[in-house]
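Taken together, the values in this text are just the output of simple stated rules run on the coordinates, not laboratory data. All figures in this text were calculated on a predicted structure; none of them were measured in a lab. Glycine also receives a Cβ, built like all others from the backbone with ideal geometry; neighbour counts cover every protein chain displayed.
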Amino acid sequence: MKKQSQRTIHPKVIEEAQRFFSENRQAICDYARQAGLSFEAGDRWSIDMSTGRGTFDPGFFYKRGFTLAESMWATCHEIEHFRDWRKDPEGYARLFSRMKKGKRRLDLLYHMFNDIMVNREEDRRFPAHWETREYLYTYKLLPRTDHSTRPRHLQFIDGILREKMVPREEVTLSPEVRAEVERLKNIDGEGTDVIELVSDAAAKPGDRFELIQDYIEPVYERLFYEDVEERKRQKKQKKDVPEGDAAEASMDGAKGATGKAEIEVDPESGEDYFAEEYDQMDERLPQVLSAEDVSAAIREEIERLKNESKTPGQIAKEQFRALHGVSIEEVEDYADHYAKVKPHIQPLRDVFERVIETRKEIRRRLKERTDQGVIIDPSFVAQAYIDSRAGIIDSRTQLNIRKEELDEHKPLDFEFTLICDLSGSMNENRPGGKSYEQRLCTILITEALDEFERKLKAERIERLVDLRVFSEVRGFGSHDEELKPMSDSVDYYTRVRICKRLEACTGKRTAEYKSLTRVAARLEGEAGNDADDRDIKRAVVLITDGGSDDPALTREAKERLGLRGCVVRGIQIGEPSTEDVEKFRYAWGDDGLPCKDVSRLVPTMEKLLEDLLETHVM
């Protein structure tokens, strides 16, 4: 494989990349943990398959012309590849055994589809960076949109990848290749999209590879051999040029019509005909580890698993941890907590349904053309006369009423931020205790809004509702902590991580203004950047058991949020001192709610969420 080129970059620029990744180290580590891995910055890329520990090279992509943000995205992209290798080493071992010498084209085929899978998963786990991904594929990785003159098998894989990554731009392919791509999108004539199936991160890698081998590889191979035959014809035509032209060509260094020195071709594989194109693709889409290195690491891992003689149950638990970053036991413990708040989610489900229904209306429209309707369509009267003269007596000239469900309002997003108190006075991990009930409140909010968004996704597909719901969880003690980024979903790793963090409330201060200020700064930074002019409703709810370290700063941050159209509420729980009550009143005014009985915090939060949804979303 051709060594990938790197730009010559000044050492200070590399230092800048290393500093950037040092500052964002925690974000990458957290992302890796969500994938069941543990990654730290190092001088090279590496992975220990048995432990899931690895290192990443902060300058790897930067040296190849990526910006810092693009390097961040690409680093998380590679971590997803590592996760997939550990998920099913046997499946990868079978794949690599087929990619022997002379099978370079198969490496490209499977790598392209793995890239689609990885990018879909990264979009889900790292939604804030989908624009970075789209920009990369549009302008750097796959800028070309007209592939119709390229070898067919390369049109095939590049066209599929480009259209999946930049769906708003259609790629120009030769008619034969386009027909094959479209056939894969409806392989059974009933809408089954093979490309979607083989790029589903939830599927076992070995199962994905079998589908590719059965449905996609035969098409790819046929196109490849058609390309080989065409290159052979082109080579023969060059040999058949007149003697004078041949002499002129020899004076140019025995170069072909393209100006490139002619290459020796392996008559068995024919891959050498496309060596230059393959090298360009390797350089354009760099891989941090070679297929040989990955294959060797996977073989070692398979041998280790055989020697340990693990039971199927043990292997299943390991695979679950590798996939989700947490153990089955941790998820079961979380489920026990969820069961305690589940009764409070049912009333919220009723609110969800009301929100959906009140945002829509049934409009009666004269739309459906028929032969027996409620009114004649004047534009078809003349046509009816012509039809009758021709003996056609059932011409459809009338309009009937058809009901359509339409979104009553303009598009709307709802963003909910919950801010939790992590100070030491909250540390009461027992039913009725402050941190215990706060943890249940957080589960209630994240699970209820996650369920609401899943309902809305189905409605957006089926009934054209354009409402989206996002949630965020932050915490404060001496400083602000992000426990769950603003997103429309929550995974197992984040659920467990939030629960564990809320069990350890050990902060030395009550600096809630830091979390409020962080949210306000984000909203102020986003002002005017809503490209689609969405009408966004935002709510921030803060839980605390005491008075603020600086009520004036808390009040100022709360007012900044209000200026951004944000609904802000504070809940003071327990029996705080008179001084703390006064501080709370000063900071929050009428937007502060007391909850002296801590055991009533969950129903209080349920009622507050109901009111927010009914007042600001319905």
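Using a Förster distance of 60 angstrom, determine the FRET efficiency expected from the C-beta separation of E303 and D611, and round it to 0.05.
Calculated value: 0.50.
Return a whole-number percent for the relative contact order of the stretch 70-159, with Cα pairs under 8 Å and 6 or more residues apart as the contact set. Walk me through the intermediate numbers first.
Details: 29 pairs, mean separation 33.1, N = 90.
Worked out over the stretch 70-159, it gives 37 percent.
Which shape class applies to the stretch 514-611: rounded if a/c is under 1.5, otherwise prolate when a/b exceeds b/c and oblate if not, where a ≥ b ≥ c are the square roots of the Cα gyration tensor eigenvalues? Let's see the in-between values first.
Details: a/c = 3.04, a/b = 1.58, b/c = 1.92.
It comes out oblate by the Cα gyration axes.
Multiply the residue separation of N186 and D591 by 0.36 nm, subtract the distance between their alpha-carbon atoms, and state the gained length in nm to one decimal.
140.3 nm
I'd like the Karplus ³J(HN,Hα) series for the stretch 318-331: coefficients 6.51, -1.76, 1.60, θ = phi - 60°, whole numbers in Hz, and an x wherever there's a Gly or Pro.
5, 5, 4, 5, 5, 6, 10, x, 9, 7, 4, 4, 5, 5
Which FRET efficiency, nearest 0.05, do A552 and R354 yield, Cβ-Cβ r, R0 35 Å?
Approximately 0.30, to the nearest 0.05.
Which of the three applies to the stretch 141-217, rounded, prolate or oblate, going by the alpha-carbon gyration tensor with a ≥ b ≥ c and a/c under 1.5 meaning rounded?
Prolate.
Can you give me the long-range amide H partners of S423? Hydrogens built in the peptide plane at 1.01 Å from N, cutoff under 5 Å, separation of 5 or more residues or another chain.
Amide H neighbours of S423: G507.
HN-Hα J couplings of the stretch 582-591 from phi, Karplus 6.51/-1.76/1.60, θ = phi - 60°, integer Hz, Gly and Pro as x?
Calculated HN-Hα couplings, in order: 5, 4, 5, 5, 5, 6, 10, x, 6, 8 Hz.
Which whole-Hz ³J(HN,Hα) couplings does the stretch 60-72 yield from phi under the Karplus relation 6.51 cos²θ - 1.76 cosθ + 1.60, θ = phi - 60°, glycine and proline marked x?
My calculation for the stretch 60-72 gives 4, 7, 4, 5, 9, x, 7, 6, 5, 5, 5, 5, 4 Hz in order.
Out of residues 5 or more away from I536 or on other chains, whose amide H comes under 5 Å of its own, with H placed 1.01 Å from N in the peptide plane?
D413
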